[in-house]
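Step one of this worksheet: look at the structure below.
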Amino acid sequence: MARMPPPRSRPRRDWRDTLRYLFLQRDAPESIALGVALGVFIAFTPTLGVQVVLALLAASALRANRLAALPPLAITNALTAGPIYGLECWLGAALLPNTHTGEMLDRWGLLREAIASRGFHGYLEHWRDLARLGWDLWLAMWIGSLIVGGVLATGSYYVALATVRAHRRRRAARLARQRGGDVSRPPPTSGAAVPDGAATREP
């Protein structure tokens, strides 16, 4: 008895279905790509708790696809927020004058521990902790996020644009082949077929 292939994992199937739905939307590829880029940019900003609202507002203001802006927000989650914001804090501190990068990272470590202890539900306490640790830490994180998010958002725009266009070209070619196959088939005949060479009598 042949072995059945293992079923695909649910998260992978969900992501594939989401991307397929984005590609099949009746919207311009540029609008979908801009929505993806906005989502990527906002995902790398220190705006915990309000990223979905910001993505929808930015997409509406720039006439981008609002649905396409939502999936990239999953980049920032409980596992990735620490490394992402830590990198941005380090980058921003390196660019700020009269700033000790090591001391800034130590304060970021305190903030990360506070966030980890409360999870992502204590957003108000997160902002209070950030204020207590100094607004220069906030500024460093924003400078780093603008650089990292801007670079990745720019790249994601062109990747998403090329992907959507390529997907639509393949789909259009597949539909054209299907229509061509239907046209090449002879239409069905009604009644009995007349044999070749048979003569018809006139009344």
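No lab work stands behind these numbers, since they all come straight from the coordinates. Every value quoted in this text rests on a predicted model; they were computed, and no experiment measured them. Using ideal geometry, Cβ is built from the backbone for each residue, glycine included, and neighbour counts are taken over all protein chains shown.
Between residue 62 and residue 158, take the C-beta separation as r, use R0 = 22 Å, and let me know the FRET efficiency to the nearest 0.05. Walk me through the numbers on the way to the answer.
Values: r = 17 Å, r/R0 = 0.76.
Once the sixth-power term is evaluated, E becomes 0.85.
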Residue separation between residue 30 and residue 17 times 0.36 nm, minus their alpha-carbon distance, gives in nm 2.6 nm
